[in-house]
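Working notes for the structure below.
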Amino acid sequence: VTQPLTVTVFGLSAVSETSFIVTAPPPPPPVITSFSPSSGVIGTIVTIDGSNFSTDLSANTVKFGTVQAAVIAATSIQLSAIVPAGASTAPISVTVDELTAVSGTSFTVTVPPFITSFTPASGTVGTTVTINGSGFNEQAVDNTVNFGAVEAIVTSATANQLNVTVPAGA
(Lines give C-alpha, C1' and ligand atoms only; values in the text may rest on other atoms or scores of the structure.)
Protein backbone atom coordinates (compact mmCIF):
# COMPACT_ATOMS: atom_id res chain seq x y z
CA VAL A 1 0.00 0.00 0.00
CA THR A 2 1.28 3.46 -0.91
CA GLN A 3 -0.05 6.35 1.22
CA PRO A 4 0.94 9.83 2.30
CA LEU A 5 1.83 10.37 5.98
CA THR A 6 -0.28 12.54 8.21
CA VAL A 7 0.92 14.14 11.46
CA THR A 8 -1.57 15.81 13.82
CA VAL A 9 -0.54 18.03 16.74
CA PHE A 10 -3.11 19.92 18.84
CA GLY A 11 -5.73 19.44 16.15
CA LEU A 12 -3.56 20.76 13.32
CA SER A 13 -2.47 18.27 10.60
CA ALA A 14 0.26 18.11 8.05
CA VAL A 15 0.24 15.68 5.12
CA SER A 16 3.42 14.61 3.37
CA GLU A 17 3.86 15.61 -0.26
CA THR A 18 5.16 12.16 -1.14
CA SER A 19 3.78 8.81 -0.19
CA PHE A 20 5.32 6.09 1.93
CA ILE A 21 5.55 2.74 0.12
CA VAL A 22 4.82 -0.33 2.23
CA THR A 23 6.67 -3.31 0.77
CA ALA A 24 6.07 -6.99 1.33
CA PRO A 25 8.29 -8.60 3.93
CA PRO A 26 11.12 -10.73 2.57
CA PRO A 27 10.32 -14.42 2.23
CA PRO A 28 11.47 -16.63 5.09
CA PRO A 29 14.74 -18.46 4.43
CA PRO A 30 14.70 -22.16 3.59
CA VAL A 31 15.38 -24.60 6.42
CA ILE A 32 16.85 -28.10 6.13
CA THR A 33 15.74 -30.38 8.98
CA SER A 34 16.98 -33.71 7.58
CA PHE A 35 17.84 -35.64 4.44
CA SER A 36 17.83 -39.29 3.46
CA PRO A 37 19.62 -41.41 2.67
CA SER A 38 22.69 -40.05 4.45
CA SER A 39 25.07 -41.59 1.92
CA GLY A 40 25.08 -42.97 -1.60
CA VAL A 41 26.75 -43.11 -4.97
CA ILE A 42 26.55 -40.52 -7.73
CA GLY A 43 23.01 -40.70 -9.13
CA THR A 44 21.33 -41.47 -5.79
CA ILE A 45 18.03 -39.67 -5.24
CA VAL A 46 18.13 -37.78 -1.94
CA THR A 47 15.01 -36.52 -0.17
CA ILE A 48 15.54 -33.26 1.70
CA ASP A 49 13.01 -32.36 4.40
CA GLY A 50 12.54 -28.88 5.79
CA SER A 51 10.49 -25.77 5.16
CA ASN A 52 10.20 -22.69 2.98
CA PHE A 53 11.17 -24.48 -0.23
CA SER A 54 9.64 -23.35 -3.51
CA THR A 55 7.06 -25.57 -5.19
CA ASP A 56 8.61 -24.44 -8.50
CA LEU A 57 11.41 -26.93 -9.30
CA SER A 58 13.60 -24.33 -10.97
CA ALA A 59 13.36 -21.89 -8.04
CA ASN A 60 15.26 -24.28 -5.73
CA THR A 61 19.02 -24.61 -6.09
CA VAL A 62 20.38 -27.71 -4.37
CA LYS A 63 24.12 -28.29 -4.04
CA PHE A 64 26.13 -31.18 -2.69
CA GLY A 65 29.14 -29.22 -1.51
CA THR A 66 29.82 -26.89 -4.42
CA VAL A 67 28.26 -29.04 -7.15
CA GLN A 68 24.71 -28.23 -8.26
CA ALA A 69 22.19 -31.07 -8.37
CA ALA A 70 19.08 -31.60 -10.47
CA VAL A 71 15.90 -31.08 -8.44
CA ILE A 72 13.29 -33.60 -9.60
CA ALA A 73 10.44 -32.96 -7.14
CA ALA A 74 9.48 -30.02 -4.95
CA THR A 75 6.93 -29.14 -2.31
CA SER A 76 7.18 -26.41 0.30
CA ILE A 77 8.50 -28.96 2.83
CA GLN A 78 10.36 -31.53 0.73
CA LEU A 79 12.75 -31.66 -2.21
CA SER A 80 14.13 -34.60 -4.17
CA ALA A 81 17.50 -34.15 -5.85
CA ILE A 82 19.96 -36.39 -7.68
CA VAL A 83 23.54 -36.58 -6.35
CA PRO A 84 25.51 -35.01 -9.22
CA ALA A 85 28.71 -36.20 -10.86
CA GLY A 86 31.67 -34.54 -9.20
CA ALA A 87 30.01 -34.38 -5.78
CA SER A 88 32.08 -35.31 -2.75
CA THR A 89 31.26 -35.76 0.91
CA ALA A 90 29.96 -32.37 2.08
CA PRO A 91 26.90 -30.63 3.51
CA ILE A 92 23.85 -30.10 1.30
CA SER A 93 22.65 -26.56 0.64
CA VAL A 94 19.30 -25.29 -0.61
CA THR A 95 18.94 -21.77 -2.01
CA VAL A 96 15.53 -20.16 -2.58
CA ASP A 97 15.10 -16.45 -3.39
CA GLU A 98 18.82 -15.85 -2.78
CA LEU A 99 18.50 -17.21 0.79
CA THR A 100 20.48 -20.35 1.61
CA ALA A 101 20.16 -23.13 4.18
CA VAL A 102 22.99 -25.59 4.83
CA SER A 103 22.53 -29.02 6.37
CA GLY A 104 24.08 -29.61 9.78
CA THR A 105 25.66 -32.86 8.61
CA SER A 106 27.37 -33.96 5.42
CA PHE A 107 26.01 -36.26 2.75
CA THR A 108 28.60 -39.01 2.28
CA VAL A 109 29.35 -39.80 -1.36
CA THR A 110 30.31 -43.44 -1.57
CA VAL A 111 32.48 -44.68 -4.37
CA PRO A 112 31.93 -48.23 -5.63
CA PRO A 113 35.00 -50.41 -5.94
CA PHE A 114 36.64 -50.48 -9.36
CA ILE A 115 38.76 -53.31 -10.78
CA THR A 116 41.56 -52.25 -13.13
CA SER A 117 43.31 -55.63 -13.46
CA PHE A 118 43.95 -58.99 -11.85
CA THR A 119 46.77 -61.53 -12.06
CA PRO A 120 47.15 -64.31 -12.90
CA ALA A 121 44.43 -64.59 -15.54
CA SER A 122 43.90 -68.30 -14.80
CA GLY A 123 44.75 -70.88 -12.16
CA THR A 124 43.57 -73.82 -10.12
CA VAL A 125 41.62 -73.90 -6.85
CA GLY A 126 43.88 -72.47 -4.16
CA THR A 127 45.68 -70.05 -6.50
CA THR A 128 46.27 -66.59 -5.03
CA VAL A 129 44.86 -63.88 -7.29
CA THR A 130 45.89 -60.25 -6.91
CA ILE A 131 43.16 -57.77 -7.83
CA ASN A 132 44.22 -54.17 -8.53
CA GLY A 133 41.84 -51.22 -8.54
CA SER A 134 40.38 -48.65 -6.18
CA GLY A 135 37.74 -48.24 -3.55
CA PHE A 136 38.65 -51.41 -1.64
CA ASN A 137 38.34 -51.55 2.13
CA GLU A 138 41.66 -51.91 3.93
CA GLN A 139 40.12 -54.49 6.27
CA ALA A 140 40.20 -57.80 4.38
CA VAL A 141 36.98 -59.06 5.99
CA ASP A 142 35.05 -56.02 4.73
CA ASN A 143 35.61 -56.95 1.06
CA THR A 144 33.63 -59.67 -0.69
CA VAL A 145 35.09 -61.26 -3.84
CA ASN A 146 33.20 -63.85 -5.85
CA PHE A 147 34.41 -66.14 -8.61
CA GLY A 148 31.09 -66.47 -10.38
CA ALA A 149 28.65 -67.32 -7.60
CA VAL A 150 31.27 -68.73 -5.22
CA GLU A 151 32.71 -66.45 -2.53
CA ALA A 152 36.49 -66.37 -2.15
CA ILE A 153 38.56 -65.71 0.95
CA VAL A 154 40.26 -62.30 0.94
CA THR A 155 43.66 -62.83 2.54
CA SER A 156 44.94 -59.24 2.49
CA ALA A 157 43.67 -55.83 1.47
CA THR A 158 44.73 -52.26 0.80
CA ALA A 159 42.66 -49.44 -0.71
CA ASN A 160 44.06 -50.40 -4.15
CA GLN A 161 44.81 -54.12 -3.99
CA LEU A 162 43.20 -57.36 -2.80
CA ASN A 163 44.72 -60.82 -2.54
CA VAL A 164 42.21 -63.68 -2.71
CA THR A 165 42.35 -67.42 -2.88
CA VAL A 166 40.42 -69.18 -5.67
CA PRO A 167 37.71 -71.18 -3.85
CA ALA A 168 36.58 -74.74 -4.45
CA GLY A 169 33.66 -74.75 -6.84
CA ALA A 170 34.85 -71.73 -8.74
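The values are calculated or read from the model by the stated rules, or taken from the named source; none is laboratory data. The structure presented is a predicted model; accordingly, all values stated were derived computationally and were not measured. Reconstructed Cβ throughout: ideal geometry from the backbone, glycine too, with neighbour counts over all protein chains shown. When the accessible area is computed, the model is the full protein with side chains, heavy atoms only, and any ligands, DNA or RNA have been set aside. Shrake-Rupley method; radii C 1.70, N 1.55, O 1.52, S 1.80 Å.
Do we have V154 as out of contact with any Phe, Trp or Tyr (no Cβ under 8 Å at 6 or more places or on another chain), touching a residue at least 12 places away in the same chain (Cβ under 8 Å) and not aromatic (F, W, Y) here?
So V154 fits the description; yes.
Which ones in the stretch 96-124 are polar (S, T, N, Q), over 23 Å from K63 (Cβ atoms) and in contact (Cβ under 8 Å) with a residue 24 or more places away in the chain?
In the first step, residues of the stretch 96-124 are kept if they are polar (S, T, N, Q); the result is 100, 103, 105-106, 108, 110, 116-117, 119, 122, 124.
Narrowing the set further to residues that are over 23 Å from K63 (Cβ atoms) leaves 116-117, 119, 122, 124.
Correct list: T124 only.
Being touching an Asp or Glu at 6+ places or on another chain (Cβ under 9 Å) and buried (at least 16 other Cβ atoms within 10 Å of the Cβ) is the filter here; which residues of the stretch 137-164 pass it?
Going residue by residue through the stretch 137-164, those that are touching an Asp or Glu at 6+ places or on another chain (Cβ under 9 Å) are 144-145, 154, 157-159.
Result: V145, V154, A157.
Under 19 Å from the mean Cα position of the chain (by Cα) and among the hydrophobic types (A, V, I, L, M, F, W, C) - does that describe any residue in the stretch 18-33? Walk me through how you get there before you give the answer.
Within the stretch 18-33, the subset under 19 Å from the mean Cα position of the chain (by Cα) is 30-33.
Filter once more, keeping what is among the hydrophobic types (A, V, I, L, M, F, W, C): 31-32.
The answer is yes; a qualifying residue exists.
Quick check on this structure: which one of V67, V71 is closer than 30 Å to P112 by Cα, of a type outside the set (D, E, K, R), open to solvent by less than 70 Å² (accessible area, probe 1.4 Å) and in contact with a Gly (Cβ under 9 Å, 6 or more places away or on another chain)?
So the residue among V67, V71 that is closer than 30 Å to P112 by Cα, of a type outside the set (D, E, K, R), open to solvent by less than 70 Å² (accessible area, probe 1.4 Å) and in contact with a Gly (Cβ under 9 Å, 6 or more places away or on another chain) is V67.
Any residue at all in the stretch 18-33 that's surrounded by fewer than 14 Cβ atoms within 10 Å (Cβ to Cβ), without any contact (Cβ under 8 Å) to a residue 60 or more places away in the chain, in contact with an Asp or Glu (Cβ under 6 Å, 6 or more places away or on another chain) and on the phi < 0 side of the Ramachandran plot?
yes
Would you mention how many residues in the stretch 74-121 are over 15 Å from the mean Cα position of the chain (by Cα) and more than 20 Å from S34 (Cβ to Cβ)?
Summing the residues that are over 15 Å from the mean Cα position of the chain (by Cα) and more than 20 Å from S34 (Cβ to Cβ) in the stretch 74-121 gives 12.
Go through the stretch 124-159 and count every residue that is on the phi < 0 side of the Ramachandran plot and either among the basic types (K, R) or in a loop (DSSP other than H, G, I, E, B) (or both).
14
Identify all residues within the stretch 98-127 that are hydroxyl-bearing (S, T, Y) and either out of contact with any Pro (no Cβ under 9 Å at 6 or more places or on another chain) or loosely packed, with under 13 Cβ neighbours inside 10 Å (or both); write none if there are none.
T105, T108, T110, T116, S117, T119, S122, T124, T127
Does P37 satisfy the condition of being out of contact with any Gly (no Cβ under 6 Å at 6 or more places or on another chain) and at pLDDT below 95?
Judged against the criteria, P37 is not a match.
Quick check: is even one residue across the stretch 78-89 open to solvent by 50 Å² or more (accessible area, probe 1.4 Å) and under 30 Å from P25 (Cα atoms)?
Checked against the condition, which is being open to solvent by 50 Å² or more (accessible area, probe 1.4 Å) and under 30 Å from P25 (Cα atoms), the stretch 78-89 yields at least one hit.
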